[in-house]
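The values are calculated or read from the model by the stated rules, or taken from the named source; none is laboratory data. Fair warning: this is a prediction, and the values are worked out from it, not measured in the lab. Please note: Cβ atoms are built from the backbone with ideal geometry, for glycine as well, and neighbour counts cover all protein chains shown. For the accessible areas, the whole protein counts, side chains as well, though only heavy atoms, and no ligand, DNA or RNA atoms are used. Shrake-Rupley method; radii C 1.70, N 1.55, O 1.52, S 1.80 Å.
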Amino acid sequence: MKRLPEKLLFYGTALVVCLMLDQHAAAQKTPRVRISINDAWKFFPGEAAGAERSDINDAGWQDVKIPHTWNAEDTVDDEPGYRRGAGWYRRELKFDASFRGKRIFVFFEGANQIADVFVNGTLAGRHVGGYTAFCFDVTDLLRIGGRNLLAVRIDNSHVKDIPPIDGDFNMYGGIYRDAWILATDSVHVKTTDAASSGIVIRTPRVSAETATVEIAGTIVNHSAKTRDVEIVNRLVGPDRRSAATLVSKVLLEPNAETSFKQTSKPIRKPALWSPDNPDLYTVTTTVREDRRVLDEVSNPLGFRWFRFDPENGFFLNGRQLKLRGTNRHQDHAGLGNATPDRLHVADLETIKNDGFNFLRLAHYPQDPSVLEAADRLGILIWEEIPIVNQIHVSAKFNENAKSMLREMIRQHRNHPSIIIWGYMNEVFLPVPKDHEVVRATVDLARELETICRTQDPTRATAIAFDWGARDLYNTSGLGDVPQVVGWNLYHGWYYETFDDLGKFLDDQHRRFPNRSIIVSEYGANGDRRVHAIAPRRFDSSIEWQQKFHEAYLPQLEGRSFIAGSAIWNQFDFGSEFRGETIPHINQKGMYTFDRQPKDVSFFYRASYSNEPVLHIATRDWSRRSGPRSQSIVVYSNAARVELFHNGASLGTRSVQKNKVSWPVNFVDGRNLLLAVTGSGARRVSDQAEVHFDQRATAGSIGVNSGSHTEVVDDAGMIWQAEATVETRGWSLVEKDSKPVETRRNILGTPDDPVYQTMREGEAEYHFDVPDGPYEIELRFVETKFMGSGERVFSVTANERRVLDRIDLIKEAGFFKYLSRTVTANASGGAGLRINLIAVKNLPIISGIRVKRIDR
């Protein structure tokens, strides 16, 4: 195929856009049209002088589609930090003559975090804040029938005056949500009121018997003459029948805005919105002149009422309801925050299917599709602005915070799913030493509280506190500002023990009996590769994560004064600065970053779902070594469960707190597990398979030196927990050695949980293997000494020196993995003896793998 001339290519792209606009206009029954402009963008990663001008050559720029971020990859690589700065987007548009006389707007659902929008070289507007929508009228900047350049400069630089200035999540840059062209008649419902729908819907009176609807809005007249229009609001119920029609006449002055308000007559027996029955109404607002429709917009409506009670928790539609919830960040593996609507909706469907009725949107307003799904599915929402960890004491910071709050409320206040507006999270983390910062934080909170009460008095307000500054939140007066206090609590992970959770909550309730409380975060790491028979705090094992949640849930459910709780987090999410066993990821999710369920997610499904749940919790540990007798857990909401192992019944046991377990004596190779409950048509079963090898992967043995955890790497290799007993074909003579560990990222390898634990000092590993030749892989990392020559040691295999005077800094570097493979022979039935020998300072090793060489 011949390459088209660049000029012809330009006109071809513009013509396609023009046809799309024309077709949309023809297909709509009203003059308002909305056209996606997600395609055909050019992107440059950095500053580009004059990029807003049409005479700039962008032929060498990247071709991208929106949603887009430039940080999807550099947030998960081994280079410290990720690019925060400017990026440019450009796109060409052409409008045909049918758009003459219309008002044309550009609408962006979100771009992080400063957006400067140019049309044909002129600044159309600037938006500050990365998580709310913005809309600019560009009518007067366009050339109808000609070529137009839309250019957008995005900057996600760290700016102290723009929240968030800190946080345990990535501030991805880019136009990462959908973008649109809006075209309206010269008379239309206002589109530029904080990029809201221009319509405010409230239910001043609602009960099971009757409800009243109040609808307000602003109509814009961009024409040069007075217009006599009719505002019609039609309410259509979930049964698709008309529930009410409100009509009023409005006289519009030339080139001016006019507000209106309508109140319905009582609507009898309204269908109530709730998590069990999310019955939605639609309010369609039509602007007419002499029976001609000038504009039309639709908004959701849900009839419900709620209250928080300091003693008895939360009530919805007059009935007590425990808020059983989780948190969600918006990013996704491989995509960063440039997540398409279908994946947002899939997340909400997963949350609903797991039995949750409550979701905290951490720590910022999220995509419109999230709230639309919450309305439809029946998930109650806490939505918040991104004031996280600390504030910056400045007038600009305060103004930006207040602007973000107004935008969030105005854009989303018609969604019945929203019950809480939040505006601060852990703002005394770290604890400020300056009293002025404390005072300024409390003053700002009071201002934000006033905005919430003024903009939308129908919702509750909340701040989330952290345990570390627990006294300061109370003594500073911050705890008295919001209507609901959220506590982010990690007893048994970052501090104290599991049981201290309940003690803390009881103490807070005793001291502040008039406060409504939600546990807004709680969680522990869970890496599906890391396992432990005897798990410990901070080991990131799936088993400690399970113990954590199994201990927390009864304490939360058993206290009626706790309105609800929200797990941290539903899904693993990006946090570039983190090390731990999965670097750059906060791994406290019930699901992995790519949305694979961890076994613990079924504990909550069994606890919360109304559907039958039966799950053998072995999917995260389907390849095992170690002692033959191990406990197998089943999560279920049945009363009794029977477990079979390779066809033999291990007995029927009662389920306690949605959990039951059996000791299982594994055999080498395949172990088939079958759990059964009920009978006949009500019979429910679950099947799982465990591959067990006491000597680990066939033909090889791996040792996770210095660790009590067993790691199954991505290749399926089992790195056994270190032990001094000879039950696994090997043993350890500790001598003068000890286990050490780090939680930092090990550079250059995905096998961080193997390298992060080490045995330091002279030690001997004895492998009870048959005679023959063997390949020995030795794994190392230097985490203490930064200079060459500071740690030097040798390694012998059966008294033959296989590594002589190895220097990890010289051969690899600081916190960089080093793997060396050597060979040795076992003879005379003596197996293999591997010794670490000090030369200067203590030797150190992270892992040993012994594999027989087939000849």
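Let's see how each residue does on (1) of a type in the set (Gly, Ala, Ser); (2) under 30 Å from residue 554 (Cα atoms); (3) open to solvent by 10 Å² or more (accessible area, probe 1.4 Å); (4) over 37 Å from the mean Cα position of the chain (by Cα):
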residue: 628; (1), (2), (3), (4): no, no, yes, yes
residue: 658; (1), (2), (3), (4): no, yes, yes, no
residue: 663; (1), (2), (3), (4): no, yes, yes, no
residue: 671; (1), (2), (3), (4): no, no, no, no
residue: 674; (1), (2), (3), (4): no, yes, yes, no
residue: 693; (1), (2), (3), (4): no, no, yes, no
residue: 714; (1), (2), (3), (4): no, no, yes, no
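Please identify the pairs in which a residue from region 492-520 that is farther than 17 Å from residue 314 by Cβ has its Cβ atom under 6 Å from the Cβ atom of a residue that is among the aromatic types (Phe, Trp, Tyr) and modelled with pLDDT of 95 or more, counting only partners at least 6 apart or on another chain.
Final answer for the pair search is 492/498; 492/548.
I'm checking my understanding of the structure. Among residues of region 339-360 that are open to solvent by 10 Å² or more (accessible area, probe 1.4 Å) and polar (S, T, N, Q), which one is farthest from residue 412 (Cα to Cα)?
The selected residue is 353.
I'd like the residue in region 216-242 that is over 26 Å from residue 307 (Cα atoms) and in a loop (DSSP other than H, G, I, E, B) and, out of all such residues, is least open to solvent (accessible area, probe 1.4 Å).
223
In the list 795, 769, 781, which residue meets the criterion of being more than 11 Å from residue 845 (Cβ to Cβ) and of a type in the set (A, V, I, L, M, F, W, C)?
769
Got at least one residue in region 683-690 being out of contact with any helix residue (DSSP H, G or I) (no Cβ under 8 Å at 6 or more places or on another chain), free of Cβ contacts under 8 Å to residues at least 12 places away in the same chain and among the basic types (Lys, Arg)?
Within region 683-690, one or more residues are out of contact with any helix residue (DSSP H, G or I) (no Cβ under 8 Å at 6 or more places or on another chain), free of Cβ contacts under 8 Å to residues at least 12 places away in the same chain and among the basic types (Lys, Arg).
When the residues of region 184-209 are narrowed to those that are in contact with a Cys (Cβ under 6 Å, 6 or more places away or on another chain) and not small (Gly, Ala, Ser), which ends up least open to solvent (accessible area, probe 1.4 Å)?
Result: 191.
Would you kindly identify the strands (runs of 3 or more DSSP E) lying entirely within region 119-174 that contain at least 2 residues that are in contact with a Lys or Arg (Cβ under 7 Å, 6 or more places away or on another chain)?
Fully inside region 119-174 and qualifying: 147-155.
Within region 679-686, identify whether any single residue is under 34 Å from the mean Cα position of the chain (by Cα), over 13 Å from residue 623 (Cβ atoms), open to solvent by 40 Å² or more (accessible area, probe 1.4 Å) and small (Gly, Ala, Ser), and answer yes or no.
Yes, the conditions are met somewhere in region 679-686.
Tell me, please, whether a residue that is touching a residue at least 60 places away in the same chain (Cβ under 8 Å), under 29 Å from residue 708 (Cα atoms) and buried (at least 19 other Cβ atoms within 10 Å of the Cβ) can be found in region 458-474.
no
Taking only region 813-842 into account, find how many residues are closer than 12 Å to residue 779 by Cα and touching a Phe, Trp or Tyr at 6+ places or on another chain (Cβ under 7 Å).
So the count comes out to 2.
Only one residue in 213, 247 is outside any loop (DSSP other than H, G, I, E, B), aliphatic (A, V, I, L, M) and open to solvent by 10 Å² or more (accessible area, probe 1.4 Å), so which one is that?
Only one candidate passes the filter, namely 247.
Please verify whether region 46-62 includes one or more residues that are under 26 Å from the mean Cα position of the chain (by Cα) and at pLDDT 95 or above.
The answer is no; no qualifying residue exists.
I'm trying to understand the selection: among the residues of region 248-263, which are acidic (Asp, Glu) and either more than 19 Å from residue 192 (Cβ to Cβ) or under 43 Å from the mean Cα position of the chain (by Cα) (or both)?
257 - this is the single residue of region 248-263 that is acidic (Asp, Glu) and either more than 19 Å from residue 192 (Cβ to Cβ) or under 43 Å from the mean Cα position of the chain (by Cα) (or both).
Counting residues that are under 30 Å from residue 649 (Cβ atoms), among the hydrophobic types (A, V, I, L, M, F, W, C) and modelled with pLDDT of 95 or more, which strands (runs of 3 or more DSSP E) fully inside region 665-773 reach at least 2?
669-677, 684-692
In region 814-855, what count of residues is obtained for those that are over 21 Å from residue 721 (Cβ atoms), of a type in the set (Phe, Trp, Tyr) and open to solvent by 40 Å² or more (accessible area, probe 1.4 Å)?
Qualifying residue count, region 814-855: 1.
Provide a single number: the residues in region 800-813 that are of a type in the set (Asp, Glu) and either open to solvent by less than 80 Å² (accessible area, probe 1.4 Å) or in contact with a helix residue (DSSP H, G or I) (Cβ under 8 Å, 6 or more places away or on another chain) (or both).
Going through region 800-813 one residue at a time, the tally reaches 1.
Which residues, taken from region 87-132, are open to solvent by 10 Å² or more (accessible area, probe 1.4 Å), in contact (Cβ under 8 Å) with a residue 60 or more places away in the chain and under 25 Å from the mean Cα position of the chain (by Cα)?
Passing the criteria: 107, 109, 128, 131.
Take region 207-237 and flag every residue that is in contact (Cβ under 8 Å) with a residue 60 or more places away in the chain and in contact with a Leu (Cβ under 8 Å, 6 or more places away or on another chain).
208, 213, 215, 219, 227, 228, 229, 235
Considering only strands (runs of 3 or more DSSP E) fully contained in region 774-855, which possess at least 2 residues that are under 19 Å from residue 729 (Cα atoms)?
818-826, 832-840, 847-852
Taking into account only those residues within region 489-516 that are of a type in the set (Ser, Thr, Tyr) and part of a loop (DSSP other than H, G, I, E, B), which is nearest to residue 321 (Cα to Cα)?
Restricting to residues being of a type in the set (Ser, Thr, Tyr) and part of a loop (DSSP other than H, G, I, E, B), the top hit is 490.
Please state which one of 528, 515, 510 is surrounded by fewer than 24 Cβ atoms within 10 Å (Cβ to Cβ), basic (Lys, Arg) and touching a strand residue (DSSP E or B) at 6+ places or on another chain (Cβ under 7 Å).
Unique residue meeting the criteria: 515.
Which residues, taken from region 57-67, are closer than 26 Å to residue 177 by Cβ and open to solvent by 40 Å² or more (accessible area, probe 1.4 Å)?
Within region 57-67, 62, 63, 65 qualify.
Pairs, please: C-beta under 9 Å, at least 6 apart or cross-chain, first residue closer than 25 Å to residue 324 by Cβ and of a type in the set (Ser, Thr, Tyr) and in region 259-279, second open to solvent by 50 Å² or more (accessible area, probe 1.4 Å) and part of a strand (DSSP E or B)?
Qualifying pairs under 9 Å: 274/319.
When only residues in region 361-398 that are of a type in the set (D, E, K, R) and open to solvent by 10 Å² or more (accessible area, probe 1.4 Å) count, which is farthest from residue 164 (Cα to Cα)?
Looking at residues that are of a type in the set (D, E, K, R) and open to solvent by 10 Å² or more (accessible area, probe 1.4 Å), I get 376.
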